[in-house]
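Scroll down for the structure; my scribbles are underneath it.
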Amino acid sequence: MEHDPAAALPSLADIYPRATVIGGLNKYGLPGTRMGWLASKNRQLIEECAGYKDYTTYCNNAPGEILATIAMRNAPDLLQRNHKIVLENLGMAEAFFKKHRDLFQWIQPNGGSTAFPRLLPPYDVTEMCERAMTEKKLLIIGERAFGLDTNHFRVGLGRLDFSKALAVFSDIADEIQAKRAEAAN
């Protein structure tokens, strides 16, 4: 899901014989189905993975298989819809982080529906995430969930209600800036 279709990259599984690529229905708007796939030119790896799957999972869930079939039959329409949502939300995120550039480091992603901005020192991203959840009921996934220690956090750009979440997050950013101003005085 590159944001600029002209910058689309081929699948690594198509260009590197030892690559293994996993995919799922998330970018089609169906992450809860827990359906996905694995692609590789390595037949032995595919067979080994199939053996593990047979050992750990008797069968897929039937509703998920039906939804996956419907999604794949409508893949271009689903991707276009979700790409439009991501690009609209990306524009809002870009404006938000530009407005708050003294609090955050923002590098616009080139694709996908996720960004990882950084809360600038001296502020602590874990504290920000905990306050967002306890005080505002806004879930922000901080760096620790990804095994990082860089003050980054995850922003999902694929939701229809992104503007509402961003408004709540804007309140949090304003509170951080107000506390900074208080401390300076």
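The values are calculated or read from the model by the stated rules, or taken from the named source; none is laboratory data. Nothing here was measured: the structure is a model prediction, and the numbers come from that model. FYI the Cβ positions are ideal-geometry reconstructions off the backbone, even for glycines, and counts take in every protein chain you see. The accessibility values were calculated without ligands, DNA or RNA, using every heavy atom of the protein model including side chains. Shrake-Rupley method; radii C 1.70, N 1.55, O 1.52, S 1.80 Å.
Assigned to a loop (DSSP other than H, G, I, E, B), hydroxyl-bearing (S, T, Y) and open to solvent by 40 Å² or more (accessible area, probe 1.4 Å) - does that describe any residue in the stretch 140-163? So far as the stretch 140-163 goes, yes, one or more of its residues are assigned to a loop (DSSP other than H, G, I, E, B), hydroxyl-bearing (S, T, Y) and open to solvent by 40 Å² or more (accessible area, probe 1.4 Å). Of all residues in the stretch 1-35, those satisfying the criterion of being assigned to a strand (DSSP E or B) and at pLDDT 85 or above are T20, V21, I22, G23, G24.
Among the residues examined, D124 does not qualify as in contact with a Lys or Arg (Cβ under 9 Å, 6 or more places away or on another chain), open to solvent by 60 Å² or more (accessible area, probe 1.4 Å) and within 17 Å of A173 (Cβ to Cβ). Restricting attention to the stretch 106-134 and to residues that are hydroxyl-bearing (S, T, Y) and in contact with a Leu (Cβ under 8 Å, 6 or more places away or on another chain), the residue that is farthest from A95 (Cα to Cα) turns out to be Y123.
Would the stretch 66-87 turn up any residue that is touching a strand residue (DSSP E or B) at 6+ places or on another chain (Cβ under 8 Å) and either of a type outside the set (K, R) or touching a residue at least 12 places away in the same chain (Cβ under 8 Å) (or both)? No, because not a single residue in the stretch 66-87 is touching a strand residue (DSSP E or B) at 6+ places or on another chain (Cβ under 8 Å) and either of a type outside the set (K, R) or touching a residue at least 12 places away in the same chain (Cβ under 8 Å) (or both).
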